[in-house]
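The values are calculated or read from the model by the stated rules, or taken from the named source; none is laboratory data. All values reported here derive from a predicted model rather than from experimental measurement. Note: ideal-geometry Cβ built from the backbone for every residue, glycine included; neighbour counts use all protein chains shown. These area figures cover heavy atoms from the full protein model, side chains too; ligands, DNA and RNA do not enter into them. Shrake-Rupley method; radii C 1.70, N 1.55, O 1.52, S 1.80 Å.
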Amino acid sequence: MNTIGVLTSGGDAPGMNAAIRAVVRMGRNLGLKVMGIRRGYNGLINGEISEMDRSSVADIIQRGGTILHTARCEEFKTEEGVNKAVNIIKVFGIEGLVVIGGDGSFMGARALCEKGLPSVGVPGTIDNDLAYTDYTIGFDTAINTVLDAINKLRDTSTSHERVSIVEVMGRHCGDLALYAGIAGGGESIIVPEVEFNVDDVCKTILEGKLRGKHHNIIIIAEGVGHANELSSAIKNITGLDTRVTILGHIQRGGSPTAFDRILASRLGARAVELLYDEKGSRVVGVKGNDVIDADINEALKMKKDIDHDLLKLARVLSK
Ligand SMILES: Nc1ncnc2c1ncn2[C@@H]1O[C@H](COP(=O)(O)OP(=O)(O)OP(=O)(O)O)[C@@H](O)[C@H]1O
Ligand SMILES: O=P(O)(O)OC[C@H]1O[C@](O)(CO)[C@@H](O)[C@@H]1O
């Protein structure tokens with residue numbers, strides 16, 4: 001293998017730049033030519049591709065977002081779109097591809113593997129919704145962003161003795177809500193994986209009030225939806241004043257934490273090593289403190305569940 005490509009796809013995540021840097025520098029270290037593809041799979045279809053050298057990734061390890069830009073590309077979900085990309089890949093002499101993104105992006109990588117292009121997926125998404133890896137790049141930074149917001153909301157919740165409902169990202173996966181909830185001492189954590197009952201939430205609030213609590217933080221994942229309806233219901237049932245904060249895309253930005261930078265550096269480098277060793281159709285991840293790789297099909301088949309023990313612990317500790 002002489003030439004590899006790298007792209008970022010799906011939602012951006014802090015640490016994607018550190019991963020690109022690792023891909024480029026490990027690639028160069030192994031004597032490979034590294035091509036940067038801009039705007040995700042759109043760039044593969046449109047030929048937005050140019051060579052990256054060591055200095056093109058200087059001064060980016062600390063930056064959020066992705067210097068290659070990212071996109072959600074509907075055309076690439078079609079056979080025609082993938083075929084167009086395959087033709088462009090040939091024009092640029094790309095023999096292997098590193099895809100940094102979430103599960104959708106990995107499906108795109110799998111489509112390219114099926115067309116004969118060895119591709120390796122690097123998990124980059126704040127959702128932490130990939131079952132085969134303990135953590136995805138960007139998740140840790142996003143937790144810390146949510147935590148900063150919770151700390152501030154707790155101040156004003158206490159002053160006004162209000163219930164503060166905080167909606168965090170996570171379409172199908174409650175990890176961000178759970179981890180930020182544990183770290184922020186949230187009173188209730190509501191995730192898409194587990195059904196919730198408004199009466200239980202209100203009971204927790206009222207019991208806390210009886211024990212002399214002045215604040216109440218409820219963290220809800222966006223996948224559950226209806227944060228405003230929940231707020232109204234809590235107000236009606238408990239008689240307490242409520243406020244909703246939807247954190248939104250703030251969670252996707254910011255300088256990556258040390259954890260995310262190190263994870264991105266390790267996973268980006270391993271992805272290149274796999275391609276160099278002629279191992280395509282793989283994804284890289286972390287289990288415990290070990291970098292692992294897995295078959296892309298197997299990884300995509302695995303179903304992610306919430307950590308029920310952690311959820312139970314959160315309930316015990318918030319009482
Ligand atoms: N089944 C598929 N076949 C080919 N390409 C796909 C497929 N699913 C998704 N993609 C490509 O991957 C892109 C990113 O997917 P998606 O929008 O689901 O984000 P993601 O990678 O899951 O990231 P995030 O979790 O941050 O949203 C899509 O816009 C599309 O270009
Ligand atoms: O960039 P968009 O399309 O607004 O994506 C939002 C979605 O992306 C994610 O942040 C994942 O990156 C989800 O949690 C969220 O629902």
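With the condition kept exactly as written, say whether any residue in segment 286-295 is open to solvent by 40 Å² or more (accessible area, probe 1.4 Å), outside any strand (DSSP E or B) and farther than 30 Å from Ser159 by Cβ. Yes: one or more hits. When Ala271 is tested against (1) touching a residue at least 60 places away in the same chain (Cβ under 8 Å); (2) at negative phi; (3) open to solvent by 40 Å² or more (accessible area, probe 1.4 Å), only condition (3) is not met.
Filter segment 94-117 down to residues that are assigned to a strand (DSSP E or B) and away from ligand 2 (no atom under 15 Å from the Cβ), then give me how many there are. Please lay out each step first, then the result.
Within segment 94-117, the first condition is being assigned to a strand (DSSP E or B), and the residues that meet it are 96-101.
Filter once more, so that each one left must be away from ligand 2 (no atom under 15 Å from the Cβ): 96-98.
Counting residues in segment 94-117 that are assigned to a strand (DSSP E or B) and away from ligand 2 (no atom under 15 Å from the Cβ) gives 3.
Can you give me the number of residues within segment 132-183 that are of a type in the set (Asp, Glu), farther than 28 Å from Gly268 by Cβ and within 18 Å of the chain's Cα centre (by Cα)?
1
Pairs are defined by a Cβ separation below 6 Å, a sequence spacing of at least 6 or placement on different chains, a first member in segment 100-112 that is in contact (Cβ under 8 Å) with a residue 40 or more places away in the chain and closer than 18 Å to Leu267 by Cβ, and a second member that is open to solvent by 10 Å² or more (accessible area, probe 1.4 Å) and β-branched (Val, Ile, Thr); the pairs so defined are Gly102/Thr125.
Asn42: open to solvent by 20 Å² or more (accessible area, probe 1.4 Å), of a type in the set (S, T, N, Q) and more than 28 Å from Gln251 (Cβ to Cβ), yes or no?
Working: open to solvent by 20 Å² or more (accessible area, probe 1.4 Å): yes; of a type in the set (S, T, N, Q): yes; more than 28 Å from Gln251 (Cβ to Cβ): no.
No, not satisfied.
Annotation for segment 2-24: no member residue is open to solvent by 40 Å² or more (accessible area, probe 1.4 Å) and hydrophobic (A, V, I, L, M, F, W, C). Sub-6 Å Cβ pairs linking a first residue in segment 114-130 that is at positive phi and touching a residue at least 12 places away in the same chain (Cβ under 8 Å) to a second residue that is away from ligand 1 (no atom under 11 Å from the Cβ) and outside any loop (DSSP other than H, G, I, E, B), at least 6 apart or interchain, are Asn128/Asp175, ordered by first then second residue. Residues in segment 118-152 that are within 16 Å of ligand 2 (Cβ to nearest atom), assigned to a strand (DSSP E or B), of a type in the set (A, V, I, L, M) and in contact with an Asp or Glu (Cβ under 9 Å, 6 or more places away or on another chain): 1 in all.
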